[in-house]
2 protein chains.
Amino acid sequence: MDWKGRVSPKTISRLSLYRRLLTDYAANEHAERIYSHGLARLAGVSAAQVRRDIMSVGYSGTPNTGYEIRALVDHISAHIDAPEGQQVALVGVGNLGRAILSYFSGGRRAQLKVVAGFDTAPEKTGRVLLGCRCYPMDQLAEVARRERITIGIIAVPASVAQETADRLVGAGVVGLLNFAPVPIKVPLNVFVENVDITIKLETVAFFALRSR
Amino acid sequence: MDWKGRVSPKTISRLSLYRRLLTDYAANEHAERIYSHGLARLAGVSAAQVRRDIMSVGYSGTPNTGYEIRALVDHISAHIDAPEGQQVALVGVGNLGRAILSYFSGGRRAQLKVVAGFDTAPEKTGRVLLGCRCYPMDQLAEVARRERITIGIIAVPASVAQETADRLVGAGVVGLLNFAPVPIKVPLNVFVENVDITIKLETVAFFALRSR
């Protein structure tokens with residue numbers, strides 16, 4: 001299936017943000033309900049945007065009492081999560097890879113588990129790091145099949161990013177989060193999200209310069 | 001000055017990407033010229049988009065011979081870089097902070113230097129890590145002033161992200177790159193770019209699920 005044109009990655013990103021904000025808000029403020037403009041303020045978007053996004057998951061609040069937080073979180077989860085969970089592989093267990101593992105080892109998102117790390121450096125493999133078992137690269141296809149991995153995180157140097165993507169896709173991965181500072185090419189059925197830290201910093205620098 | 005509505009962060013991000021792709025392409029292929037569709041293919045955007053972006057930096061190629069790579073890189077640099085350079089502070093020298101330092105310690109971008117790291121953990125301060133001197137948090141204002149820091153990278157836990165942003169802004173920072181998984185509030189003259197790894201991964205997971 002081609003994902004293009006159906007639903008926007010930005011909408012999904014906002015829903016993911018709302019879910020986390022709502023969960024934190026309910027826990028910290030002991031709140032059960034929230035108005036669209038309250039959620040909008042937390043998320044830094046407009047209230048109209050919040051209402052549109054939330055209608056898209058088949059839920060609606062009332063003008064008088066707003067949204068019921070727990071029901072809204074459940075609707076978002078039903079919309080964006082796989083009920084059976086999804087398994088993730090991390091390729092590259094350097095500083096960035098470890099930072100990623102520490103984000104996801106807390107078990108905050110049980111639906112999304114980093115079940116295997118891969119690296120070419122022998123001293124990083126054959127052990128459990130931050131709750132994640134690490135393997136040598138040549139076991140990628142075998143482990144990916146066994147663990148039913150469909151998502152890959154690329155945290156390797158630019159020079160081996162394309163090769164890493166090819167191997168992940170060859171092993172059945174259909175979603176990639178790429179931190180290497182180079183665009184990667186994948187088949188049409190594979191979804192890629194790039195996080196290019198240098199580009200982000202250069203963009204901040206441009207606007208910082210014009211703020212003075 | 002308010003940056004909104006003038007030029008889009010996406011345009012600047014693409015220009016930053018073009019510059020790096022062009023530099024690599026010239027070095028690897030020993031090429032001196034490139035056509036808009038060639039650059040478009042490298043960047044994963046349309047040729048029309050490339051031509052629009054490049055017109056915005058006041059440069060134009062010819063239909064017959066394309067762009068002269070070195071001149072184009074110079075035009076992009078003149079458009080997005082500060083001639084005198086810009087100084088960056090990193091707050092949070094954990095795994096993510098170290099990954100960021102290793103990206104920027106190579107000296108690839110001489111115009112953009114991470115000149116100081118800050119952390120609350122005493123064992124991380126008072127030394128040089130990956131070429132960057134690390135200080136205790138309570139020296140932030142003093143060091144930021146002395147080093148003329150205008151850009152801050154936030155690589156701290158969510159619980160202290162807003163406090164960190166406030167301190168950076170108080171010390172004269174006008175551009176923030178925020179890796180903490182929480183939106184931060186800043187004055188209107190401060191530009192913020194958020195990189196939320198959990199949201200990115202959840203977005204990839206959503207589209208991966210629909211690809212099967």
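Values as computed for the structure displayed
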quantity: Subset of the range A:19-69 that is more than 14 Å from every other protein chain (Cβ to nearest Cβ) and among the charged types (D, E, K, R) - its residue that is nearest to B:Lys185 (Cα to Cα); calculated: A:Glu29
quantity: Hey, B:Arg133 touching a residue at least 40 places away in the same chain (Cβ under 8 Å), open to solvent by 30 Å² or more (accessible area, probe 1.4 Å), more than 23 Å from B:Ser13 (Cα to Cα) and assigned by TED's automatic domain parsing to the domain that holds B:Glu163 or not; calculated: no
quantity: Given (1) surrounded by 19 or more Cβ atoms within 10 Å (Cβ to Cβ); (2) more than 12 Å from chain A (Cβ to nearest Cβ), number of the condition B:Ile80 does not satisfy; calculated: (2)
quantity: Qualifying residue in the range B:68-86 (condition: polar (S, T, N, Q) and more than 21 Å from the chain's Cα centre (by Cα)); calculated: no
quantity: The range A:172-187, residues that are among the small types (Gly, Ala, Ser), in a loop (DSSP other than H, G, I, E, B) and buried (at least 20 other Cβ atoms within 10 Å of the Cβ); calculated: A:Ala180
quantity: Options B:Val143, B:Val128, B:Val115: the member that is of a type in the set (A, V, I, L, M, F, W, C) and under 20 Å from the mean Cα position of the chain (by Cα); calculated: B:Val115
quantity: Residue match in the range B:110-123 (condition: in a loop (DSSP other than H, G, I, E, B) and open to solvent by less than 40 Å² (accessible area, probe 1.4 Å)); calculated: yes
quantity: Enumeration of residues in the range A:138-152 that are surrounded by 17 or more Cβ atoms within 10 Å (Cβ to Cβ), within 12 Å of chain B (Cβ to nearest Cβ) and out of contact with any helix residue (DSSP H, G or I) (no Cβ under 6 Å at 6 or more places or on another chain); calculated: A:Ile149
quantity: Flag if A:Leu42 is open to solvent by 10 Å² or more (accessible area, probe 1.4 Å) and in contact with a Phe, Trp or Tyr (Cβ under 9 Å, 6 or more places away or on another chain); calculated: yes
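The values are calculated or read from the model by the stated rules, or taken from the named source; none is laboratory data. All figures in this text were calculated on a predicted structure; none of them were measured in a lab. Reconstructed Cβ throughout: ideal geometry from the backbone, glycine too, with neighbour counts over all protein chains shown. Just the protein is used for accessible areas: all its heavy atoms, side chains included, with ligands, DNA and RNA removed. Shrake-Rupley method; radii C 1.70, N 1.55, O 1.52, S 1.80 Å.
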